[in-house]
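**Student:** I have a structure here, written as structure tokens, and I will follow up with some questions on it.
The values are calculated or read from the model by the stated rules, or taken from the named source; none is laboratory data. Here the structure is a predicted model, which is why all the values come from computation and not from measurement. Cβ placement follows ideal geometry from the backbone for every residue including glycine, while neighbour counts extend to all protein chains displayed.
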Amino acid sequence: MNIQKLRLDKGWSQEDLAMHSGISVRTIQRIENGKRASLESLKCLAAVFETSVSNLVQEKPMTNTQVSDQHFVEQAEQDAMRLVFVIQQAKLEAERKIIESEGERDAQLILAEGLTPEIIQIRSIEAFKELSKSANSKVIITDGKTPLLIQPQE
């Protein structure tokens, strides 16, 4: 709504509106000249004119230049919001990776604590045993720790 129109409809001067609303004459002049009003000023004016703040801030029709400017402003706001979203997603992904790697590290530590030289030796013997049963392995050479498979040339 147009503040000046509401004021004139009541037959008030800017000084009269200032007296009724508690807002300075200079602030009323600025608002009527198109400057953005503070929320407190809008509340005072809404009370004086017996309307809602949302009715006071309804936009008047915009010119083509204003529409174009508004489009660029909206596009910039959307770009900024998109960037904030991308940054938030990257932070969440980084946190997820940290949690995953900490879990894997903890699992490795638990497994390492349970691996004694005796268990490793038993597992090696079991692996050699399984390799010796395989039809694909021909010769197994070992130093007691790691197997080396040798297959004949065909």
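**Student:** Could you grab me the full set of residues in region 2-53 that are touching a helix residue (DSSP H, G or I) at 6+ places or on another chain (Cβ under 9 Å) and on the phi > 0 side of the Ramachandran plot?
**Tutor:** Residue satisfying the conditions is G22 alone.
**Student:** May I pose another question? Against the definition (modelled with pLDDT of 80 or more, small (G, A, S) and out of contact with any helix residue (DSSP H, G or I) (no Cβ under 8 Å at 6 or more places or on another chain)), how does S101 come out, yes or no?
**Tutor:** yes
**Student:** Can you confirm whether A37 is modelled with pLDDT under 85, touching a Lys or Arg at 6+ places or on another chain (Cβ under 9 Å) and among the hydrophobic types (A, V, I, L, M, F, W, C)?
**Tutor:** yes
**Student:** Taking the conditions exactly as written (farther than 30 Å from I23 by Cα, at pLDDT below 80, among the hydroxyl-bearing types (S, T, Y) and assigned to a helix (DSSP H, G or I)), does S124 satisfy them or not?
**Tutor:** Details: farther than 30 Å from I23 by Cα: yes; at pLDDT below 80: yes; among the hydroxyl-bearing types (S, T, Y): yes; assigned to a helix (DSSP H, G or I): yes.
In short, yes.
**Student:** Let me ask something additional. Can you confirm whether V84 is more than 30 Å from Q29 (Cβ to Cβ) and at pLDDT 75 or above?
**Tutor:** Considered against the rule, which asks whether it is more than 30 Å from Q29 (Cβ to Cβ) and at pLDDT 75 or above, V84 comes out as yes.
**Student:** Of all the residues that make up region 9-48, how many are part of a helix (DSSP H, G or I) and exposed (fewer than 12 other Cβ atoms within 10 Å of the Cβ)?
**Tutor:** Result for region 9-48: 5.
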